[in-house]
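Below is one structure; the comments refer to it alone.
The values are calculated or read from the model by the stated rules, or taken from the named source; none is laboratory data. Please read these numbers as outputs of a predicted model, since none were measured by experiment. Neighbour counts are summed over all protein chains in view; Cβ atoms, including those assigned to glycine, are modelled from backbone coordinates with ideal geometry.
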Amino acid sequence: MFKTISTYNENTMTAPVNILNQTYARTGQSKKNNELGMREMQARAFEKRDSQYLLIKSPPASGKSRAMMFLALDKLINQGIKKVIITVPEMSIGKSFRSTPLSDFGFFADWEVADRYNLCLNLAQSDFRKTEIFSEFITQDLDSSELPQILVCTHHSFRYGFDKVIEDGGSIDLFNDVLIGIDEFHHVSADESNRLGAILDSIMNRTNAHIVAMTGSYFRGDSIPILSDKDEEKFDKVTYTYYEQLNGYEHLKSLGLGYHFYKKSFFDALDECLDTTKKTIIHIPNVNSLTAETDKYETVGRIIDVIGDPISRDDNSGVITVRTKDGRQVLVADLVTDDAIRVNTQAYLANITSPDEMDIIIALGMAKEGFDWEYCEHVLTIGYRGSLTEVVQIIGRATRDSKGKEHAQFTNLIAEPEADKSEVTSSVNDLLKAITLSLLMEQVLKPNINFKRRSEIDLLGTADLPPGTVVIDDTENPPSDRVMEILNQEKDELLAQLYQNVDNSKKYIAAENNYTEAEAVSDNVIPRVIRSKYPALDSNEVRQVQEGLMQYMAINRQGGIVEGKDIPDDAPIENERLFIKKGSEYVDVSSLDEREKNKLKPEDIIKDRHLPPDAKIYDPKTNSSHINETNPSNSFVKVGSKFVNVNNLPIDLVKSINPFHDAYEVLSRTVDKEVLKTINDGVHASRSTVTEEEAIIMWPKISAFIKSKGRQPNFNSSDDIERRMAEVVAYVRNQKAKRDASYHD
């Protein structure tokens, strides 16, 4: 998992290190079309076409826009829907919904949007004009088949248009028999101040409108849920995982998520993490962030200096030609400088059809959500990004499948916290959140783990069980349908809520190497997260979700699921039964007496994994036979040197899982001792019981200690008083940083 770490100089202490490096099988499955012209994800969504409320969770480049077209056309033609409104977060994404001849690929209708009613086409059109057209569209006679049935607009235009219609005396009944298609659904929030969320709630509760919502990252950067638990339960869900998408590509073989820690200046660190031979998007920090070192224009200029020497800038497209230090010429697009020519640069990028037409893009707020440059191999993001959604979208820029592209890479260039800086607490928090994001993505990008009730398996049989199935015994305490839905479709959202809270990460990291403490944290933190997200669950349901979530994390912490067929023949499986064949029947070796066992030869023994599925097992103790009842899950986890069936994982292993262990592991390997001490101080300060009164009393003693010992008190000292002094020092630093941050605000 980890690369060898090298020291370069005082500014860049470590080489970029990948926390995740996932490989994929390149099956081509996610790109194959069926007879209706649908990819795998689109066909899965179309199976749910009769749902009034449908939520599609699917990664970038999986074909969500066309899935929306298929669903909308079926609702218009076959389900009594009279109008369709598609709303997207940015005008540039609206091009994905332009008219498309779907019948050329086997579908029964074409997607046709009149230019007048695609409000994302005209960049110069005013908000007032767009609002007028929206009002015209929604108020026109539903029974006139000659009128356009589809409108495409931004979330902004939808909000203003809806409010305008209501202000002008229009009834919300106008949205009856209308399909609202919401792209990038994570922009919605259950918070009262989120206007889009409030409009959606009103439409759902006061009309018969249908809603199709789509997102590639169903979690926001804050802790506010996208929908209330009550509204979310109304939605049927279609989930197409990142693993399914990437494993089904034709060309992309691997994806890496990595970090590069720097000291002093990120400009000095760029040489180590920017490979100008790779198609790259560089996202620079906002001028108001702690990471920013100068204004955005100077930042672009200095990055170009790192790339090489500028030769020319095309007057029409704005594309800059740069000669690299090894003599090559590369094309660079500047999407940061907001001059008149930037619109031309955007248009140029939107029409690229060859990898030779662009090499490096420098961006600030652009080239993220919905931006499609399939040749991109590397996204280099400078500074911590506060939103999980934003980082997921950034990673998605590199995960398009493209001929000749075998590896996609995300690198986050992050400043190391410095103990003598007033913003050390903020730096520690940013670093921890950046690292724990990768822990979340590590869960998301691996093969999915499914939960099934044992009673369901008894009804369905084992043939239809997908790989990675965990069986829940429901004979005594059956989990509710809501619990099963959460475990199978909403695990990642729960994990996102757990990971993005820096206080949670500090508690877990502080419990490092203490399994008892980690278990106590899990029993407190995880149920609190579950109750916060799902207040309608009772205490038993909360516990069932907690146990399932911890089992999910435990499986992935051990390396993920291994299918039985993929286990090496000589690899030991814990508690695997051994048999010998007698006639047409099989006898368990454990049922033989010692004399018979001693006579056995190695070649006589048949492992359980090699028994035929309909093997007849003879029991000499009862003198009876039965068909072999194989374990319904053929999925295993490697624990130590053995493979353990997922349903037999040791309870101690599951309960002692520290989901932030890998974050601390990567930090301890990639930063020097002083930085690690600074991080530890910040972590311990957050859990300390020190009060301001105690700090005032202890400070003279601490000063005397430092003077006599010539060093700071140590958290790991065997002396209780010295350890307490160390906690006080950390507390004082933490309080000072908070006051400084408050002063600067």
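Consider residue 328 against the criteria (1) in contact with a Leu (Cβ under 6 Å, 6 or more places away or on another chain); (2) surrounded by fewer than 21 Cβ atoms within 10 Å (Cβ to Cβ): it satisfies all of them except one. Which criterion is unmet?
(1)
Touching a strand residue (DSSP E or B) at 6+ places or on another chain (Cβ under 8 Å), crowded, with 19+ Cβ neighbours inside 10 Å and not assigned by TED's automatic domain parsing to the domain that holds residue 486: which single residue out of 61, 45 fits that description? It would help to see each step written out before you state the result.
Values: 61 fails: touching a strand residue (DSSP E or B) at 6+ places or on another chain (Cβ under 8 Å).
Matching residue, one of 61, 45: 45.
Any idea which of 56, 19, 85, 81 is modelled with pLDDT of 90 or more, buried (at least 17 other Cβ atoms within 10 Å of the Cβ), under 20 Å from the mean Cα position of the chain (by Cα) and not basic (Lys, Arg)?
Numbers: 19 fails: modelled with pLDDT of 90 or more; 85 fails: under 20 Å from the mean Cα position of the chain (by Cα); 81 fails: under 20 Å from the mean Cα position of the chain (by Cα).
Going through 56, 19, 85, 81 in turn, just one is modelled with pLDDT of 90 or more, buried (at least 17 other Cβ atoms within 10 Å of the Cβ), under 20 Å from the mean Cα position of the chain (by Cα) and not basic (Lys, Arg): 56.
So which helices (runs of 4 or more DSSP H) are wholly in segment 283-396 and hold at least 1 residues that are in contact with a Gly (Cβ under 7 Å, 6 or more places away or on another chain) and over 30 Å from residue 495 (Cβ atoms)? If you could, list the steps in order and put the result at the bottom.
Values: elements: 296-307, 342-350, 388-396.
Passing ranges, in order: 342-350.
Restricting the first residue to segment 728-743 and requiring it to be over 14 Å from residue 681 (Cβ atoms) and in the same structural domain as residue 703 (by TED's automatic domain parsing), which pairs with a second residue that is modelled with pLDDT of 60 or more and outside any helix (DSSP H, G or I) meet a Cβ separation below 6 Å and a spacing of at least six or different chains?
Pairs that qualify, where the first residue is over 14 Å from residue 681 (Cβ atoms) and in the same structural domain as residue 703 (by TED's automatic domain parsing) and the partner is modelled with pLDDT of 60 or more and outside any helix (DSSP H, G or I), are 740/422.
So which pairs qualify, if the first residue must be in segment 223-247 and among the polar types (S, T, N, Q), the second must be crowded, with 18+ Cβ neighbours inside 10 Å and modelled with pLDDT under 75, the Cβ gap must be under 6 Å, and the two must be at least 6 apart or on different chains?
228/190
In this structure, is residue 75 surrounded by fewer than 20 Cβ atoms within 10 Å (Cβ to Cβ) and more than 27 Å from residue 254 (Cβ to Cβ)?
Details: surrounded by fewer than 20 Cβ atoms within 10 Å (Cβ to Cβ): no; more than 27 Å from residue 254 (Cβ to Cβ): yes.
Considered against the rule, which asks whether it is surrounded by fewer than 20 Cβ atoms within 10 Å (Cβ to Cβ) and more than 27 Å from residue 254 (Cβ to Cβ), residue 75 comes out as no.
Just to verify a result, which residue in segment 343-363, among those that are at pLDDT below 90 and either of a type in the set (Ser, Thr, Tyr) or touching a Leu at 6+ places or on another chain (Cβ under 9 Å) (or both), is surrounded by the most Cβ atoms within 10 Å (Cβ to Cβ)?
Start the filter on segment 343-363 by keeping residues that are at pLDDT below 90, which leaves 343, 346-347, 350-351.
Still in the running and either of a type in the set (Ser, Thr, Tyr) or touching a Leu at 6+ places or on another chain (Cβ under 9 Å) (or both): 343, 346.
Details: 343: 12, 346: 18.
This residue is 346.
Just name the residue that is farthest from the chain's Cα centre (by Cα) out of those in segment 180-198 that are modelled with pLDDT of 90 or more and of a type in the set (A, V, I, L, M).
Residue satisfying both the conditions and the ranking: 180.
Check 1, 13, 38 and return the single one that is at pLDDT 85 or above, part of a loop (DSSP other than H, G, I, E, B) and out of contact with any strand residue (DSSP E or B) (no Cβ under 6 Å at 6 or more places or on another chain).
Details: 1 fails: at pLDDT 85 or above; 13 fails: at pLDDT 85 or above.
Going through 1, 13, 38 in turn, the sole match is 38.
Looking at segment 532-543, which of its residues are of a type in the set (D, E, K, R) and modelled with pLDDT under 90? Lay out the reasoning, then the answer.
Step one: of segment 532-543, the residues of a type in the set (D, E, K, R) are 533, 538, 541, 543.
Matches in segment 532-543: 533 only.
If you check residue 546 against the conditions, is it under 22 Å from residue 648 (Cβ atoms), within 23 Å of the chain's Cα centre (by Cα) and at pLDDT below 90?
On the way: under 22 Å from residue 648 (Cβ atoms): yes; within 23 Å of the chain's Cα centre (by Cα): yes; at pLDDT below 90: no.
When the stated conditions are applied, residue 546 does not pass them.
Among the listed residues 173, 231, 236, identify the single one that is modelled with pLDDT of 90 or more, surrounded by fewer than 22 Cβ atoms within 10 Å (Cβ to Cβ) and under 29 Å from residue 445 (Cα atoms). Spell out the reasoning first.
Numbers: 173 fails: under 29 Å from residue 445 (Cα atoms); 231 fails: modelled with pLDDT of 90 or more.
Within the list 173, 231, 236, the selection yields 236.
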